[in-house]
Amino acid sequence: MSTGRRKKNPRWYFSLRSPYSWFAYRDLSENHPDVLDEIEWIPYWEPDEESTRLLDEAGVTLPVMPMHRSKNFYILRDARRWAHARGWQVTWPVDRDPHWEVAHLAYIAAEEAGCGRQFVDLAYRARWHEGRDLSDRATIAAIAADLGLPASLGDAVDDPVLRLKGVACLIAAYHDDAFGVPFFLNGREAFWGAERVSAFVAAVRGEEWDGLSDAPFTATPYAAQAAEGSTP
């Protein structure tokens, strides 16, 4: 994890809430693990009142707006379409009382314990495969147990030191002009969205991008593949 001080390092801003961050994570981990190992991981989320107060004190206002109902339904349909084209199974979670510091400050604590990447993997699995609530401290405590970390990870949101480290991540995002996730940076070159993973990978590797999108909608639908007896 980084607070963006070393501006030339390749990095990505990700959210445990976002399906598109999950898509980007899967593409990177399954197809470009060398790049995922090389870049810095910085969490990004919609801040609660306390984090917003600390951001205000730092003179930072994030470009975060309440999501319109129509956009929310579009993302639901689009994410299902994306997952279907890749043959990925999705269980859509219900966020009854979202409090994103619970999961993201827990990530910071897990990263400091040397388990950040494993935490993200299990958190995405819990959210998008099992439909579990990442704002529930019990969910985070269960993930911690799977990693051999103390159950107190579920209460990371109460730790004032972790809170400040989390706010530092959001301030770094502000100074990097990150306005959504996933958001990638290589030097001064920015890439936004899960369909720009290959462009970012090419930039990190010093290669020419072939101009192709990572969006999977030109792929043979999973249902058609299954009918033909092939596997995704």
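The values are calculated or read from the model by the stated rules, or taken from the named source; none is laboratory data. Since this is a predicted model, take the numbers as computed values, not measurements. A quick note on method: Cβ atoms are made from the backbone with ideal geometry, for glycine too, and the neighbour counts reach across all protein chains shown.
Here's the yes/no breakdown for (1) under 17 Å from the mean Cα position of the chain (by Cα); (2) more than 23 Å from ALA178 (Cα to Cα):
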position: ALA58; (1), (2): no, no
position: LEU76; (1), (2): yes, no
position: ARG81; (1), (2): no, yes
position: HIS84; (1), (2): no, yes
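Please find, within the range 24-56, the residue that is farthest from the chain's Cα centre (by Cα) out of those that are closer than 20 Å to GLU195 by Cα and among the small types (Gly, Ala, Ser). For the range 24-56, the residue satisfying everything is SER29. Look at the range 38-58: where a residue is surrounded by 13 or more Cβ atoms within 10 Å (Cβ to Cβ) and assigned to a loop (DSSP other than H, G, I, E, B) and a partner is among the acidic types (Asp, Glu) and modelled with pLDDT of 95 or more, sitting 6+ places away or on another chain with Cβ atoms under 7 Å, you get ASP48/GLU101. Filtering the range 161-194 to residues that are surrounded by fewer than 24 Cβ atoms within 10 Å (Cβ to Cβ) and more than 18 Å from THR61 (Cα to Cα) leaves VAL161, LEU162, ASN186, GLY187, ARG188, GLU189, ALA190, PHE191, TRP192, GLY193.
Among the residues of the range 1-16, the ones that are at pLDDT 95 or above and surrounded by fewer than 21 Cβ atoms within 10 Å (Cβ to Cβ) come to 2 in all.
Residue-by-condition table, conditions (1) under 20 Å from SER29 (Cα atoms); (2) of a type in the set (D, E, K, R); (3) within 19 Å of the chain's Cα centre (by Cα); (4) outside any helix (DSSP H, G or I):
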{"position": "ASP155", "(1), (2), (3), (4)": "no, yes, no, no"}
{"position": "ALA168", "(1), (2), (3), (4)": "no, no, yes, no"}
{"position": "ALA172", "(1), (2), (3), (4)": "no, no, yes, no"}
{"position": "PHE191", "(1), (2), (3), (4)": "yes, no, yes, yes"}
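Flag set for TRP92, criterion: at pLDDT below 95 and in contact with a helix residue (DSSP H, G or I) (Cβ under 9 Å, 6 or more places away or on another chain).
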